1. Between R85 and E58, what is the label-to-label distance in nm when each label sits 7 Å out along the Cα-to-Cβ direction?
2. Could you work out how much longer the chain between T42 and S28 gets when fully extended? Use 0.36 nm per residue separation minus the Cα distance between them, nm to one decimal.
Amino acid sequence: MTDDPNAMPAARPFEIVTLEQTESPDGSESDDWYRYELTQGTTTITGYKQGEAEEVREEVASLVSRLNERRAGKTSRVHLTRIGRKSQQRAQAPAGSN
């Protein structure tokens, strides 16, 4: 958890609280299931993932990273350039006319 108990819940990042091997959530005989618990302030997410221990650990860490990126807002991928008035007029003029 975050060290600062006075931090606003929305300001806290998502964190992995538990990641442990567990029984299959659907009752099958498979023994490679993991239960994870993520928190962000007062929000708790509990999930199940099947796979090898290291693979599950990496995927859950990736999920936490994506959730935190999503909280931070989207970054712009568009590069806008301002066109001066003369450049704009030239761009709109028909070809061959000067």
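Each reported figure results from applying straightforward, stated rules to the coordinates on display, with no laboratory input. Computed from a prediction, not measured in an experiment: that's the story for all the values here. Here the Cβ positions follow ideal geometry from the backbone for every residue, glycine too, while neighbour counts run over all protein chains shown.
1. In this crude label model, R85 to E58 measures out at 5.8 nm.
2. 1.8 nm
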